[in-house]
Amino acid sequence: AKAYTIRAEARGKEMALTLDNKLSCSAEGSGRNVSRIIFHFGMSGRFQFTTEADVHKHAHLMFRTDETPAHVLSFVDVRRFGTWRPLTESDGEEWSAGRGPDPAFEYAAFRHNVLANLTSSVFNKPICEAMLNQEFFNGIGNYLRCEILFRAAIPPFSKARDVLQAVLAAEDDKPKKAKKSVSSSSSPDLLQLCHDLPHEVLALSKFETRASGRWARMRTC
């Protein structure tokens, strides 16, 4: 395509880029093509937008603007653990298999997926290990699990099933408490924090440094 737009959406630890060439096809829409690419960032993958002269030496996939001088959107991955795959018409499921609902953007489905499957052997492990299982905690990585456990005041080596059964029991008890008190304030549980913390990170300004107040508080554990 001579020209196309790029749109991005994320789910857990994956990102999908949609390439749409509608700007360069006819007014009737003939010749329009929409392509999707799924990215996994590994340990060091990221996107970088630079001038063509400043493209990173570890840029592995590049999209150039048609201006002069051109700018480049690059997928940069120094350690090369990141991957990408273009989707074809035969692909039934866009996102990688074995990844559960996104706690940030599919919270109800995420919560149900965890609490409805507490008999899984995954939850025999310490909660700090279970929280890295992407079938249940899609998108939760090391720094998020540390902050979540710190805020929830949960010892990291507590058995995951015990921790989550307590969450389930508290959820079942909510209707009873609601009858007694119309206004009751309670601290967010571990699963709620899995939803809240990613949104706090997304709300951080790119201009905030590691020394800034909110970022420093995020690293207190």
(request) Please compute the net charge surrounding Cys194, taking Lys and Arg as +1 and Asp and Glu as -1 over other residues with Cβ under 13 Å from its Cβ. (result) -3
(request) For Leu61 and His40, calculate 0.36 nm times their separation in residues minus their Cα-Cα distance, and state this gained length in nm to one decimal. (result) 6.3 nm
(message) With every protein chain left in place and a probe of 1.4 Å, what is the accessible surface of Met62, to the nearest 10 Å²?
(response) 70 Å²
(request) Return the loop-located trypsin sites (Lys or Arg not before Pro) in region 38-76 (DSSP other than H, G, I, E, B) with at most 11 other Cβ atoms within 10 Å of their own Cβ; answer none if there are none. (result) Lys57
(request) Under 12 Å from the Cβ of Pro69, count the other residues' Cβ atoms, weight Lys and Arg +1, Asp and Glu -1, and hand me the total. (result) -3
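The values are calculated or read from the model by the stated rules, or taken from the named source; none is laboratory data. Predicted model only: the values in this text are computed from it and were never measured. Every residue, glycine among them, receives a Cβ derived from its backbone with ideal geometry; neighbour counts consider all protein chains shown. Side chains are part of the model used for accessible areas, which takes the heavy atoms of the whole protein and leaves out ligands, DNA and RNA. Shrake-Rupley method; radii C 1.70, N 1.55, O 1.52, S 1.80 Å.
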